[in-house]
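The values are calculated or read from the model by the stated rules, or taken from the named source; none is laboratory data. The structure displayed is predicted, hence computed values, not measured ones. Please note: Cβ atoms are built from the backbone with ideal geometry, for glycine as well, and neighbour counts cover all protein chains shown.
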């Protein structure tokens, strides 16, 4: 567990603590060394300097997502689980979050499991995609090649086909 | 067991207490009000007639010790509720935090808030009513130990119930100590209770504390044996409550209810 972390829209950090306090407490939980400097670095990296002493409950969705992501990488996990990290974000914030995650994956060589319904996002950042329904993997492959292999123009069209007719793909 | 995990649970509570007047005052207010009400009541009773009964040490001492029981229990339940209210379980238990470390973090919080609470009311009782809890002598340490351990077990049992049933069971937290009040003879000897109820009283650790308190104040005698029974009972209940909590936690985690905790079961 010490080398794993996650971020999900349904697991917000406590709104009654400040950004700094939340990162400090979760840094303690994950046994991060040189914690105060690590928190300082993450606050800078995720553009949270203005909100350091602001309670998380007062932040916008985009700001909260950045804090959650800072918490998710605080222990430099080798496996990072993300559930809809860009859901309900404006395009600029979503772009920033995608950049941070891809940079983290590249620099740390960590594995990132990214659950998303945004197929354009998946196509842009993932090197392998799995379509999962009712706990079963229906399709998997490279997001750039997979649509063509199933006669679809892009991943979104493939997603719609899988969602509407999962039984066809279950038998593949 | 990693101490920095325990520290994280404690530090979170200290962050919440710091600069928050409502949380801070809650540590002292109820017990202070009890001391004020019972202080004046006993002062009045002492002034009526020619009674030689020691109202102030018997009643005020008992009220302070009972208040300490409530505080020890709430020292566990309130920090737990902070995690319920802020839907923090998923974040906490997806981290390397273990259940025994979480409980120890809550116990550390209870020690701090309980100590602060008792310190304030001891000063208040001494300044306003010339009653020193320390006049009970060394047995006071044993009284406080039994009460604290039993308070912790009540707190852990309460949070087990809330964890299993959901946030709607929170109200049990406020009432459980007061259900035990009449049964453990806070203000009267348990010998005045009906025979069947006395059997129940003897199963409650705090009964031995309040009987011991009266023995010291009224007869200037102290017998350790009943208190050791009380201590053994308190330790037994603490182990039982912890076992129940761990078992409940496993069920709730296995069923995926931690993530959907606020929806109740």
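From the list B:217, B:252, B:246, B:197, exactly one residue is assigned to a helix (DSSP H, G or I), over 24 Å from the mean Cα position of the chain (by Cα) and in contact (Cβ under 8 Å) with a residue 12 or more places away in the chain. Which is it?
Numbers: B:217 fails: over 24 Å from the mean Cα position of the chain (by Cα); B:246 fails: over 24 Å from the mean Cα position of the chain (by Cα); B:197 fails: over 24 Å from the mean Cα position of the chain (by Cα).
Residue meeting the stated conditions: B:252.
Condition check ((1) assigned to a helix (DSSP H, G or I); (2) farther than 18 Å from residue B:239 by Cα; (3) free of Cβ contacts under 8 Å to residues at least 60 places away in the same chain) across all residues:
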site: B:140; (1), (2), (3): yes, yes, yes
site: B:148; (1), (2), (3): yes, no, no
site: B:156; (1), (2), (3): yes, no, no
site: B:169; (1), (2), (3): yes, yes, yes
site: B:172; (1), (2), (3): yes, yes, yes
site: B:187; (1), (2), (3): no, yes, no
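From the list B:152, B:106, B:124, B:69, the one residue that fits, being more than 14 Å from every other protein chain (Cβ to nearest Cβ) and under 30 Å from residue A:3 (Cβ atoms), is B:106. Taking the listed residues B:90, B:17, B:31, the one that is more than 13 Å from chain A (Cβ to nearest Cβ) and modelled with pLDDT under 95 is B:31, with no other qualifying.
Suppose the filter is modelled with pLDDT under 90 and within 30 Å of residue B:255 (Cα to Cα); does residue B:153 pass it? Full working, then the answer.
Details: modelled with pLDDT under 90: no; within 30 Å of residue B:255 (Cα to Cα): yes.
No, not satisfied.
Quick check: anything in the stretch B:208-231 surrounded by 14 or more Cβ atoms within 10 Å (Cβ to Cβ) and under 29 Å from residue B:84 (Cα atoms)? Scanning the stretch B:208-231, I find no residue that is surrounded by 14 or more Cβ atoms within 10 Å (Cβ to Cβ) and under 29 Å from residue B:84 (Cα atoms), so the answer is no.
Do we find that residue A:81 is within 14 Å of chain B (Cβ to nearest Cβ), in contact with a helix residue (DSSP H, G or I) (Cβ under 9 Å, 6 or more places away or on another chain) and more than 22 Å from residue B:17 (Cα to Cα) in this structure? Break it down stepwise before answering.
Working: within 14 Å of chain B (Cβ to nearest Cβ): yes; in contact with a helix residue (DSSP H, G or I) (Cβ under 9 Å, 6 or more places away or on another chain): yes; more than 22 Å from residue B:17 (Cα to Cα): yes.
Criteria met by residue A:81.
Just one of the numbered conditions (1) out of contact with any strand residue (DSSP E or B) (no Cβ under 6 Å at 6 or more places or on another chain); (2) surrounded by 20 or more Cβ atoms within 10 Å (Cβ to Cβ); (3) modelled with pLDDT under 95 is not true of residue A:45: (2). So, residue A:91, is that one in the same structural domain as residue A:56 (by TED's automatic domain parsing), at pLDDT below 90, out of contact with any helix residue (DSSP H, G or I) (no Cβ under 9 Å at 6 or more places or on another chain) and over 17 Å from residue A:26 (Cα atoms) or not? Here the answer is yes, as residue A:91 does meet what is asked. Would you mind stating whether residue B:81 is free of Cβ contacts under 8 Å to residues at least 40 places away in the same chain, part of a helix (DSSP H, G or I) and within 14 Å of another protein chain (Cβ to nearest Cβ)? In short, no. Against the list (1) free of Cβ contacts under 8 Å to residues at least 12 places away in the same chain; (2) within 13 Å of the chain's Cα centre (by Cα), the condition residue A:149 fails is (2).
Helices (runs of 4 or more DSSP H) fully within the stretch A:1-74 that include at least 1 residues being within 11 Å of another protein chain (Cβ to nearest Cβ) and touching a residue at least 40 places away in the same chain (Cβ under 8 Å): A:19-29, A:61-72.
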